[in-house]
Amino acid sequence: MDLPVEQRELSRSKRINLGTRFNALMVGDSISTFGTQLSAFAIPTYAIKALHATPREIGILNTLQWVPPLFFIAFAGLLADLFDRGRQAVLADIGCAIAGLVFYCAIIFGFANIFLLDAVVFLVGSGGAFYGIAASAMIPQLVEQQNLVHANSRFTAARAVSSICGQGLAAILAQLRLLPVAILTDAVSYLVRGAFNLRWLASGPKNIRENKNDERHNIVEPATGIISFLKEKPAIVHLALAAGTFNLGASIIASMYFPFVYQVLELSPLFIGISMGFGSFSSFLTAMYLPKFLHAKAFDKVVVWALFAASVGAWCVPLAHIINAHLLIVFYRLFFSAASTSF
């Protein structure tokens, strides 16, 4: 019996080779994600254990991760539209690597403090905003439109696998009190990703925006062009509101997560790392199955599922303390990671 057309297309896209340049971009991003997950665990742990940061200082530290995208995302998108996206990604990686190396040297020579850590987190977050926009814009250039959903799924799944490995190693390093090694590895991973981006830059198209009069031009025009674009696409406004709601909740939980699990629940770094690894595994499974829903154009169901999963995950955190069930922290990572990947 013949398969439906959509299933045949999905089966074909799974077998297709997405190209050397896409694979180089994906491998470089995966290596950097591995390092990022190391520092995502190591930095708040080091701040609490070594710098004796208060919950308020940890909250400020986490807030500084969200501030750069808020202020720089529009400008980063403008640069990615007008200039070379590969070069933008490379420069962002160099900036992140320098910031990480500065803090590693501060630890080694004994002048690390919470204020320097705040500055480093802000700079890395800024570089991440510029890189994230450039990398997202590269993918449609490197694969055909009919393979775009599968390419994004593979990209996200590769990130999830790297996250599992990075968080597991970070937990072991934290248990062995080798957190500076995790921070150094993250800085080096940015340089490796930059090298992969240079490979793509050398073999990819030089003129990113060949048609100066294409429809993207209106998006980066002054405010009148943006407003008219949003009027034509009300679904984007609704999706932005949903994403904003999700990010607000995620930032609140992120601000209190590490002080809560270390100081209130008194969990070990190894247990926290394992729980984060389960979350990354949840992201991997979500990324693998998500294309089936997107090929069926069930976008509204995906958004509703993401918000529901985020709500369930958020409730697991206080319940872990109220009923003294620390295993709920694992379920928080499972549900919240699945929600983040769906968005």
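Things to note:
- The set of residues in segment 287-302 that are in contact with a helix residue (DSSP H, G or I) (Cβ under 8 Å, 6 or more places away or on another chain) and modelled with pLDDT of 70 or more comprises ALA287, MET288, LYS301, VAL302.
- Of all the listed residues (ALA53, ALA89, ALA24, ALA42), the sole one being assigned to a loop (DSSP other than H, G, I, E, B) and either under 26 Å from THR185 (Cβ atoms) or in contact with a Pro (Cβ under 9 Å, 6 or more places away or on another chain) (or both) is ALA53.
- Checked against the criterion of being surrounded by fewer than 20 Cβ atoms within 10 Å (Cβ to Cβ), of a type in the set (Val, Ile, Thr) and under 21 Å from ALA80 (Cβ atoms), the candidates ILE172, ILE139 yield just one match: ILE139.
- Residues satisfying the stated conditions in segment 257-275, i.e. within 20 Å of LEU169 (Cα to Cα), out of contact with any Lys or Arg (no Cβ under 6 Å at 6 or more places or on another chain) and assigned to a helix (DSSP H, G or I): TYR257, PHE258, VAL261, TYR262, PRO269, LEU270, PHE271, ILE272, GLY273, ILE274
- ILE108 vs. criteria closer than 17 Å to ASP29 by Cβ, touching a residue at least 24 places away in the same chain (Cβ under 8 Å) and surrounded by fewer than 17 Cβ atoms within 10 Å (Cβ to Cβ): no
- For segment 67-97, filtered to residues that are over 14 Å from TYR131 (Cβ atoms) and in contact with a helix residue (DSSP H, G or I) (Cβ under 8 Å, 6 or more places away or on another chain), the residue that is surrounded by the most Cβ atoms within 10 Å (Cβ to Cβ) is ASP81.
- When residues of segment 112-132 are limited to those that are out of contact with any Leu (no Cβ under 8 Å at 6 or more places or on another chain) and under 16 Å from PHE75 (Cβ atoms), the one modelled with the highest pLDDT: LEU123
- If you go through segment 108-136 and keep only what is of a type in the set (Gly, Ala, Ser) and in contact with a Gly (Cβ under 8 Å, 6 or more places away or on another chain), you end up with SER126, GLY127, ALA134.
The values are calculated or read from the model by the stated rules, or taken from the named source; none is laboratory data. Quantities reported herein were computed from a predicted structural model and do not represent experimental measurements. A quick note on method: Cβ atoms are made from the backbone with ideal geometry, for glycine too, and the neighbour counts reach across all protein chains shown.
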